[in-house]
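Since the structure comes first, as structure tokens, the remarks are kept for the end.
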Amino acid sequence: MCQTCGCAMTSTPNLGAEAARGEQRTVEVLQNLLADNERVANHNRSHFDDHNVLVINLMSSPGAGKTALLEATILALKSRYRIAVIEGDLETDNDARRIRAHGVPALQITTGTVCHLDAAAVHQALHGMPIGGLDLLFIENVGNLVCPASFDLGQHLNVTLLSVTEGDDKPAKYPVIFRASDLVVLSKTDLLDVMDDFLPERAAANLRDLGRDTPLIQTAARRKPSIAAWLAWLEAQLRSREWIYRPVAERRPSPGGLLTGFGSGCI
């Protein structure tokens, strides 16, 4: 948990007027942080639009296979599209090194104790990653099914992975992140033959119960690679360019975040 998004706050008994005043101050501070993050996210999005770069925020719980899916995607598309990746983790640059090994630019953001990326962190990362000439930029968010859903980074589309090694009730348990998704990717489906307690149709039903017509596709990136549906969806987005013209309110999760500074200069 981190202090920037309020996820470290716990419920406390009613301790009277002093406690109420403290709670009011906390809400005011968080609202200011959310507004700051939204402002920077809009700045990032304008920058991406100006360069005609499709930006996808990739979210999931830890170990759901985000980096493996990106590696398979790069191998399939790098001869036709110019791709780059921003990686988010609490520590290490392991994932960025995996991506760079495939000949694609990758920049690592290490967040320390913060359980999500925010717009300011992405903004600062862009100073080290020129996006002119890119077709597609992936932002691999910190593994977490809670906080990343509330922080607009300036992306055009949200994609959430649901691994078959998790429960098929995850959309019901973590509705915010799945409601914020433009696509849900059921990953590691090559393990379904040994995961007899995971039913894809039950995961799809839980997703539908959230009241959005979010598409769900199945992928596998390791033992028996199967990413054709994912590649088809990506290429459809790249061809349509409809994401540039979508109203801002339709292409971002609920606003939130922490403004940590723009760094030197502004893109």
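Laboratory data are not the source of any read-out in this text; all were calculated from the coordinates shown. What you are looking at is a predicted structure, and each value in this text was computed from that prediction instead of being measured. Reconstructed Cβ throughout: ideal geometry from the backbone, glycine too, with neighbour counts over all protein chains shown.
For V114, the conditions (1) surrounded by fewer than 16 Cβ atoms within 10 Å (Cβ to Cβ); (2) in contact (Cβ under 8 Å) with a residue 24 or more places away in the chain; (3) of a type in the set (A, V, I, L, M, F, W, C) are fulfilled apart from (1).
The set of residues from region 99-120 being in contact with a strand residue (DSSP E or B) (Cβ under 6 Å, 6 or more places away or on another chain) and within 19 Å of S150 (Cβ to Cβ) comprises I109, L117.
Starting from residues that are part of a helix (DSSP H, G or I) and within 9 Å of the chain's Cα centre (by Cα), keep the ones in region 144-170 and report whichever is farthest from D89 (Cα to Cα). Out of the qualifying residues, it is A149. Here are some residues: A121, A149, A125, A180. Which one is surrounded by 17 or more Cβ atoms within 10 Å (Cβ to Cβ), more than 22 Å from L231 (Cα to Cα) and in contact with a Lys or Arg (Cβ under 9 Å, 6 or more places away or on another chain)? On inspection, the qualifying residue turns out to be A149.
Answer with yes or no whether I227 is within 24 Å of V104 (Cβ to Cβ) and in contact (Cβ under 8 Å) with a residue 60 or more places away in the chain. Considered against the rule, which asks whether it is within 24 Å of V104 (Cβ to Cβ) and in contact (Cβ under 8 Å) with a residue 60 or more places away in the chain, I227 comes out as yes. For region 38-58, the criterion of a residue being closer than 25 Å to A221 by Cα and of a type in the set (S, T, Y) is satisfied by no position.
Scanning region 44-54 for residues that are assigned to a helix (DSSP H, G or I) and in contact with a Gly (Cβ under 7 Å, 6 or more places away or on another chain) yields N44, R45, F48.
So which residues in region 161-191 are under 14 Å from R208 (Cα atoms), among the hydroxyl-bearing types (S, T, Y) and in contact (Cβ under 8 Å) with a residue 40 or more places away in the chain, if there are any at all? Result: S181, single match. Out of the residues in region 167-177 that are touching a Lys or Arg at 6+ places or on another chain (Cβ under 8 Å) and closer than 13 Å to A204 by Cβ, state the one that is surrounded by the fewest Cβ atoms within 10 Å (Cβ to Cβ). Here the residue is D169. For I177, the conditions (1) closer than 18 Å to V55 by Cα; (2) assigned to a loop (DSSP other than H, G, I, E, B) all hold with the exception of (2).
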